[in-house]
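The values are calculated or read from the model by the stated rules, or taken from the named source; none is laboratory data. What you see is a predicted model; the values in this text were computed from it and never measured. Glycine also receives a Cβ, built like all others from the backbone with ideal geometry; neighbour counts cover every protein chain displayed. Accessible surface areas use protein heavy atoms only, side chains included; no ligands, DNA or RNA. Shrake-Rupley method; radii C 1.70, N 1.55, O 1.52, S 1.80 Å.
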Amino acid sequence: MLLGASLYATASGDERYRNAVRVATLVAFTLAAAVFSQYVHGHDLGVDLLLFYEPPGTVGTVHPGRMASNTSLCFLLVGMGLLLADTRYGAAVTPAVGLVVGVAALLALVGYFTGLTNLYGFAKQTQMAVPTAVGILLLGFGLLACRPDRGPMRLLASDGDGGTLVRRIVPAIVLGILLLTILRLGGQAAGLYGTATGAWLLASAVIALLVPIVWRVGWSIERAGAERRVLAKELKRLSERDPLTGLFNRRRLHEELVRQLAILHRHARPFGLLMVDLDRFKEVNDTAGHAAGDALLVEVAHALTRQLRTADYVARVGGDEFVILLPEVDAGAMEAVTNKLLRSLREIRVTSGDSTLTPCASIGGITCLPPGDRTWTPDSVLHAADLELYTVKANGRDGASHRDLVSATPV
Amino acid sequence: MKALRRLSEVAGIATSAIGGIAMTGWLLDVDVLKSVVPGLITMRPTPRSC
């Protein structure tokens, strides 16, 4: 009664009963400890008939009024589990105690159902009663579940795949093995097979039960892993791509610029940077609409990509602003690529209603030449390309400007 | 998580109820309340109070 009340108050977490719970648990714990010590040391502390008189010779009783040794041990453990529930050890100890006493109570009940007296009491000692076994089973379950936010029980309460697996598989294993054992004993009692055959049949049945369950767990883990890999790949793609054009975004361009600057300094390999800005793109959006503007941006992205090598990087860094990174190019190659891009952009035709849109672009380019300068950063080289772009804009747009950056060149 | 905590509370109440029923059995000397099935082992006075 005391432990049941303590369990209720502990599970509910009601602070008002905190001290009452501790006192009740301590009383039960001390009582159980006193009885258990009587079994261990063989003395009589006078606690057996403390409340009621019981005549000698009662069924299953050796010492009148005394609880069974396994019962006292279970209550001792339950008391300890409840006292430790809110301490740092409670997260592990309390559910462990719950499991141990729960299994002990379950064994006692199985003993009653199967007639195996050793399962609910030792020979020549008082035995555990059926209601006591049920009570201890409930206390064990209660200890397992009273702190679901701490320790190993967090997994059971988790909404994740692990929690779902545990909630499904643990009951299946427990009930499955219990059922198989009952069938094995029933078959033996009916004379269908002997002890050895029964043991091997049970072993085979347990293997047949557990192997598919473990397989299922493995399959679930495999599937979760595959889903995680797909999600990680998609997340990476989303984090480095522009959703409209599918080109790289500013973040990925920055990473690549850091890499190219490192290669320039270490291996003396030059790289080029082109900043492409569509001329009067705002007018396209204002007159033809944003859908037509988006279609034009997609076509521009395709045109740029078609004219470049696989090793080049094209990024959309603003509304109508693109940056092209060309590893290992010299000034001559940069000029050729720029002219090719301008020609390709002028060939674009996007139909919007009755009108046809043709983009014009300004391109500002730089070539970062070895040995480079350690003060150069992704932002500073982008700024240098931007300055070239504004030179083109200032000179009437639809054209290109380029310069080489070498060591000590102010950026 | 809330359901588990609730089940734990119910287990505590049920255990106390079992103890209470057995206590009544001892007070009124009714064997069926002490052992559920007459003839089986009765709950001892000390576990009932535990």
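Filter segment A:383-394 for residues that are in contact (Cβ under 8 Å) with a residue 24 or more places away in the chain and either out of contact with any Leu (no Cβ under 8 Å at 6 or more places or on another chain) or more than 9 Å from A:I366 (Cβ to Cβ) (or both); which is most open to solvent (accessible area, probe 1.4 Å)? Even if it seems obvious, please write down each step before you answer.
Quick first cut of segment A:383-394, residues in contact (Cβ under 8 Å) with a residue 24 or more places away in the chain only: A:383-386, A:388-393.
Within this subset, residues satisfying the condition of being either out of contact with any Leu (no Cβ under 8 Å at 6 or more places or on another chain) or more than 9 Å from A:I366 (Cβ to Cβ) (or both) are A:383, A:386, A:388-393.
Working: A:H383: 95, A:D386: 44, A:E388: 22, A:L389: 4, A:Y390: 141, A:T391: 58, A:V392: 9, A:K393: 45 Å².
Ranking the qualifying residues of segment A:383-394, first place goes to A:Y390.
From the list A:V47, A:V100, A:V27, which residue is β-branched (V, I, T), modelled with pLDDT of 80 or more and more than 30 Å from A:V174 (Cα to Cα)? Lay out the reasoning, then the answer.
Working: A:V47 fails: modelled with pLDDT of 80 or more; A:V100 fails: more than 30 Å from A:V174 (Cα to Cα).
The unique qualifying residue is A:V27.
Would you check which residues across segment A:338-357 are surrounded by 13 or more Cβ atoms within 10 Å (Cβ to Cβ) and part of a loop (DSSP other than H, G, I, E, B) and list them?
A:I348
Can B:L4 be described as open to solvent by 20 Å² or more (accessible area, probe 1.4 Å) and either modelled with pLDDT of 80 or more or among the hydroxyl-bearing types (S, T, Y) (or both)? Let's see the steps before the verdict.
Working: open to solvent by 20 Å² or more (accessible area, probe 1.4 Å): yes; either modelled with pLDDT of 80 or more or among the hydroxyl-bearing types (S, T, Y) (or both): yes.
Against the criterion (open to solvent by 20 Å² or more (accessible area, probe 1.4 Å) and either modelled with pLDDT of 80 or more or among the hydroxyl-bearing types (S, T, Y) (or both)), B:L4 qualifies.
Filter segment A:149-162 down to the residues that are free of Cβ contacts under 8 Å to residues at least 40 places away in the same chain, in a helix (DSSP H, G or I) and more than 10 Å from chain B (Cβ to nearest Cβ), then identify the one that is surrounded by the fewest Cβ atoms within 10 Å (Cβ to Cβ). Give the derivation first.
If we filter segment A:149-162 for residues that are free of Cβ contacts under 8 Å to residues at least 40 places away in the same chain, which is where we start, we get A:149, A:154-160, A:162.
Right, trim to in a helix (DSSP H, G or I) and you get A:154-157, A:162.
If we keep only those that are more than 10 Å from chain B (Cβ to nearest Cβ) as well, we get A:155, A:162.
Details: A:L155: 14, A:G162: 16.
It comes out as A:L155.
Which one of the conditions (1) among the aliphatic types (A, V, I, L, M); (2) surrounded by 13 or more Cβ atoms within 10 Å (Cβ to Cβ); (3) in a helix (DSSP H, G or I) does A:L175 fail to meet, given that it meets all the rest?
So the condition that A:L175 fails would be (2).
Can you tell me which residue is nearest to A:D149 (Cα to Cα) among those in segment A:37-51 that are more than 8 Å from every other protein chain (Cβ to nearest Cβ) and exposed (fewer than 14 other Cβ atoms within 10 Å of the Cβ)?
In this case the residue turns out to be A:V40.
Which residues, counting only those in segment A:5-36, are of a type in the set (V, I, T) and either closer than 18 Å to A:L143 by Cβ or within 12 Å of chain B (Cβ to nearest Cβ) (or both)? Talk me through it step by step, then tell me what you get.
Of all residues in segment A:5-36, those of a type in the set (V, I, T) come to A:10, A:21, A:23, A:25, A:27, A:30, A:35.
The answer is A:T10, A:V21, A:T25, A:V27, A:T30, A:V35.
Might you let me know whether segment A:133-141 holds any residue that is at positive phi and of a type outside the set (S, T, N, Q)? Reasoning before the result, please.
Of the residues in segment A:133-141, the ones at positive phi are none.
No, segment A:133-141 contains no residue that is at positive phi and of a type outside the set (S, T, N, Q).
List, please: which pairs have Cβ atoms under 7 Å, are six or more places apart or on different chains, and start with a residue in segment A:254-274 that is closer than 17 Å to A:M334 by Cα and end with one that is among the aromatic types (F, W, Y)?
Pairs found: A:Q260/A:F271; A:L264/A:F271.
Which residue is nearest to the chain's Cα centre (by Cα), if the candidates are limited to segment A:190-207 and must be farther than 19 Å from A:I177 by Cβ and open to solvent by 40 Å² or more (accessible area, probe 1.4 Å)? Lay out the reasoning, then the answer.
Narrowing segment A:190-207 to residues farther than 19 Å from A:I177 by Cβ: A:190-192, A:194, A:196.
Those left that are additionally open to solvent by 40 Å² or more (accessible area, probe 1.4 Å): A:190-192, A:196.
On the way: A:A190: 50, A:G191: 52, A:L192: 50, A:A196: 46 Å.
Restricting to residues being farther than 19 Å from A:I177 by Cβ and open to solvent by 40 Å² or more (accessible area, probe 1.4 Å), the top hit is A:A196.
From the list A:V298, A:V314, A:V323, exactly one residue is under 40 Å from the mean Cα position of the chain (by Cα) and surrounded by fewer than 17 Cβ atoms within 10 Å (Cβ to Cβ). Which is it? Steps first, please.
On the way: A:V314 fails: surrounded by fewer than 17 Cβ atoms within 10 Å (Cβ to Cβ); A:V323 fails: surrounded by fewer than 17 Cβ atoms within 10 Å (Cβ to Cβ).
The match here is A:V298.
Starting from residues that are surrounded by fewer than 24 Cβ atoms within 10 Å (Cβ to Cβ) and more than 7 Å from chain B (Cβ to nearest Cβ), keep the ones in segment A:124-146 and report whichever is farthest from A:M80 (Cα to Cα).
A:K124
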